[in-house]
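Colleague: Got a structure here, written out as structure tokens. Questions coming.
The values are calculated or read from the model by the stated rules, or taken from the named source; none is laboratory data. Computed from a predicted structure; not experimentally measured. Here the Cβ positions follow ideal geometry from the backbone for every residue, glycine too, while neighbour counts run over all protein chains shown.
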Amino acid sequence: MSGPSSASDDILDNVQDLKAWMEAGSKPKSEWLIGTEHEKFGFNRKTLRPLPYEGDHGIEAMLRGLTRFDWEPVFEDGLLIALYRDAAKGGGSVTLEPGGQLELSGAPLASIHQTCQEVNGHLTEVRAVAEELGQGYLGLGFAPHWTLDDMPHMPKGRYQLMRDYMPTRGNRGLDMMYLSCTVQVNLDFASERDMVNKLRLSLALQPLATALFANSPFKNGLVTGDLSERSLVWLDTDGQRTGMLPFAFDDGFGFDQYVDYALDVPMYFVIRDGKYINAMGLSFRDFLKGELPVLPGQKPTAKDWENHLTTLFPEARVKRFIEMRGADSGNWNSLCALPAFWVGLLYDESVLSKALDLVSDWTLEEMATLRRQAPHFGLQTPFRGGTLHDIAQQVIVLSEQGLGARAQSDGLGGDERGFLHPVIKTIAENKTPAERLVERFHGPWGGDVTKVFDENAF
């Protein structure tokens with residue numbers, strides 16, 4: 001989930017202002033950047049329990065410890081809830097998810113090489129502090145044996161409001177908040193047309209990303225029989241703000257239609273003077289008219305609009321860039337593989353065109369079915385007489401082509417294609433990370449899911 005907004009306090013008076021704010025994110029290709037975000041579960045190395053917020057060995061102690069690495073503290077009601085780093089020192093932020101999952105929201109960077117350096121630097125910093133505190137951090141899509149009752153609550157106003165609201169909108173919203181972790185990449189667009197093309201491809205192929213990065217086969221200490229419990233959670237969270245956005249494939253789709261969609265999603269909150277004001281279920285359209293009951297006479301700012309957009313959770317999300325949201329958190333290498341996969345597909349015009357041709361005749365029903373089935377069956381998900389594995393074999397070739405065309409060197413003769421190795425291995429073996437974990441569970445682990453903390457922690 002996103003941290004505090006960095007947008008301006010400029011007033012947005014009407015729907016066209018909302019559209020213009022989003023469209024202002026358009027950039028020439030020479031300025032396209034890559035932003036990677038990833039979450040991980042913190043745990044006590046002795047007890048394998050989730051970390052509380054408070055205490056000498058809690059998650060707040062981790063945040064304090066990270067300040068030695070040029071991170072600046074962010075407070076809410078006097079409590080340390082996030083960190084940010086000045087752009088001159090690398091940029092980015094470290095935030096807390098509702099159950100204490102630690103998230104790096106990376107700085108916008110020019111290449112996967114830089115992104116992977118950032119990931120490596122962050123995990124090295126976290127590990128240094130964690131060793132002092134007796135903590136560990138695990139990259140997995142869903143908590144392997146913790147329950148909601150086990151999870152601490154982070155002291156953030158946004159999450160307190162969501163905790164009350166989520167159970168009214170679906171059965172698994174709290175599981176999403178407290179028991180799941182993801183990795184995602186944020187990418188730029190050049191124009192409205194480019195946004196449309198990239199969003200359509202991202203939505204169509206999001207079930208494939210779910211399968212390729214499936215890494216959550218456990219729940220309550222047992223093998224579920226599914227491969228991405230995290231992805232299944234989103235099927236029963238809040239139908240108004242999740243899903244595959246079928247209207248994005250309508251003729252004439254653009255920023256206008258996305259704004260209309262966002263306006264029809266009920267609000268969560270408004271922030272004033274650092275305080276979260278409960279706006280659950282209220283209408284942003286009323287806000288535009290100055291008729292929001294909790295702020296009568298006030299109109300929204302760009303910051304309010306951006307905050308509202310962060311409360312939408314479709315499989316791919318548009319703000320002033322596009323976020324790909326369909327992958328489980330995973331091991332160290334997968335955190336670089338996910339952005340490489342999408343950059344290869346979306347940042348080269350020729351590859352983007354070929355990929356769009358590949359999915360051009362997929363129906364909305366077929367894409368919805370893939371979305372429902374990929375968390376269960378992974379690469380074995382049936383599709384048109386074959387499986388998602390067949391699609392993966394075609395798509396990975398395109399992603400490699402796109403990365404090769406970018407010709408971003410590491411200075412040692414390699415380019416960004418090397419970061420696809422974990423995905424290429426998954427496709428070559430026709431075996432997802434989740435299936436490898438299940439093999440370990442039934443083999444060397446002897447049915448003890450806690451061994452995942454030994455073998456898969458960062």
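Colleague: For VAL359, only one of the following conditions fails: (1) crowded, with 20+ Cβ neighbours inside 10 Å; (2) over 14 Å from the mean Cα position of the chain (by Cα); (3) of a type in the set (Val, Ile, Thr). What is its number?
Modeller: (1)
Colleague: Of everything in the range 29-62 that's under 20 Å from ALA87 (Cβ atoms) and among the aliphatic types (A, V, I, L, M), which residue is farthest from the chain's Cα centre (by Cα)?
Modeller: LEU33
Colleague: Which numbered condition trips up SER30, out of (1) within 30 Å of ASP194 (Cα to Cα); (2) not in a helix (DSSP H, G or I)?
Modeller: The one condition SER30 does not meet is (2).
Colleague: Among helices (runs of 4 or more DSSP H) lying entirely in the range 358-458, which contain 3 or more residues that are more than 30 Å from PRO144 (Cα to Cα)?
Modeller: Counting at least 3 such residues, we get 364-377, 388-406.
Colleague: Take the range 271-310 and flag every residue that is among the polar types (S, T, N, Q), in contact with a strand residue (DSSP E or B) (Cβ under 8 Å, 6 or more places away or on another chain) and within 29 Å of CYS181 (Cβ to Cβ).
Modeller: The answer is ASN278, ASN307.
Colleague: Could you list, in sequence order, all residues of the range 328-342 that are farther than 14 Å from VAL119 by Cβ and in contact with a helix residue (DSSP H, G or I) (Cβ under 7 Å, 6 or more places away or on another chain)?
Modeller: Matches in the range 328-342: ASP328, PHE341.
Colleague: Would you mind finding the one in LEU140, LEU148, LEU174 that is more than 19 Å from the chain's Cα centre (by Cα) and at pLDDT 95 or above?
Modeller: LEU148
Colleague: Please verify whether LEU403 is in contact (Cβ under 8 Å) with a residue 12 or more places away in the chain and either within 22 Å of the chain's Cα centre (by Cα) or within 16 Å of SER228 (Cβ to Cβ) (or both), treating the condition exactly as stated.
Modeller: Yes: the conditions hold for LEU403.
Colleague: Of a type in the set (A, V, I, L, M, F, W, C), modelled with pLDDT of 95 or more and either in a loop (DSSP other than H, G, I, E, B) or over 23 Å from the mean Cα position of the chain (by Cα) (or both): does that describe LEU263?
Modeller: No: the conditions fail for LEU263.
Colleague: Looking for something closer than 30 Å to LEU138 by Cβ and touching a residue at least 24 places away in the same chain (Cβ under 8 Å) - is there at least one such residue anywhere in the range 292-305?
Modeller: no
Colleague: Could you tell me which of the residues GLY443, GLY447 is touching a helix residue (DSSP H, G or I) at 6+ places or on another chain (Cβ under 7 Å), free of Cβ contacts under 8 Å to residues at least 24 places away in the same chain and more than 24 Å from VAL126 (Cβ to Cβ)?
Modeller: Exactly one of GLY443, GLY447 is touching a helix residue (DSSP H, G or I) at 6+ places or on another chain (Cβ under 7 Å), free of Cβ contacts under 8 Å to residues at least 24 places away in the same chain and more than 24 Å from VAL126 (Cβ to Cβ), namely GLY447.
Colleague: For the range 112-140, give me each residue that is small (Gly, Ala, Ser), crowded, with 20+ Cβ neighbours inside 10 Å and out of contact with any strand residue (DSSP E or B) (no Cβ under 7 Å at 6 or more places or on another chain).
Modeller: Correct list: empty.
Colleague: Next question. Regarding the range 261-278, can at least one residue be identified that is touching a residue at least 12 places away in the same chain (Cβ under 8 Å), of a type in the set (D, E, K, R), surrounded by 15 or more Cβ atoms within 10 Å (Cβ to Cβ) and out of contact with any Asp or Glu (no Cβ under 6 Å at 6 or more places or on another chain)?
Modeller: Looking through the range 261-278, none of the residues is touching a residue at least 12 places away in the same chain (Cβ under 8 Å), of a type in the set (D, E, K, R), surrounded by 15 or more Cβ atoms within 10 Å (Cβ to Cβ) and out of contact with any Asp or Glu (no Cβ under 6 Å at 6 or more places or on another chain).
Colleague: A follow-up question, please. Return yes when GLU72 is surrounded by 19 or more Cβ atoms within 10 Å (Cβ to Cβ), free of Cβ contacts under 8 Å to residues at least 40 places away in the same chain and in contact with a strand residue (DSSP E or B) (Cβ under 7 Å, 6 or more places away or on another chain) and no when it is not.
Modeller: In short, no.
Colleague: Residue pairs, Cβ under 6 Å, 6 or more apart or interchain, first in the range 221-233 and under 18 Å from PHE453 (Cα atoms), second at pLDDT below 95 and not in a helix (DSSP H, G or I). List them.
Modeller: none
Colleague: If you don't mind, another one. For the structure I just gave you, tell me whether ARG372 is under 30 Å from ASP236 (Cα atoms), under 24 Å from the mean Cα position of the chain (by Cα) and surrounded by fewer than 18 Cβ atoms within 10 Å (Cβ to Cβ).
Modeller: yes
Colleague: Taking helices (runs of 4 or more DSSP H) that fall entirely within the range 278-353, which contain at least 3 residues that are more than 16 Å from THR36 (Cα to Cα)?
Modeller: So the answer is 284-288, 302-309.
Colleague: ALA407 - would you say it is closer than 20 Å to TYR347 by Cβ, in contact with a helix residue (DSSP H, G or I) (Cβ under 8 Å, 6 or more places away or on another chain) and not charged (D, E, K, R)?
Modeller: no
Colleague: Could you check how many residues of the range 417-432 are under 18 Å from CYS116 (Cα atoms) and in contact (Cβ under 8 Å) with a residue 12 or more places away in the chain?
Modeller: 7
Colleague: Does the range 362-372 include one or more residues that are touching a residue at least 40 places away in the same chain (Cβ under 8 Å) and charged (D, E, K, R)?
Modeller: yes
Colleague: While we're looking at this one, here's another question. Being modelled with pLDDT of 95 or more, farther than 25 Å from GLN160 by Cα and not acidic (Asp, Glu) is the requirement here; does MET244 meet it?
Modeller: yes
Colleague: Could you check the range 75-89 and list, in sequence order, the residues that are touching a Gly at 6+ places or on another chain (Cβ under 8 Å) and not hydroxyl-bearing (Ser, Thr, Tyr)?
Modeller: GLU76, ASP77, ALA82, ARG85
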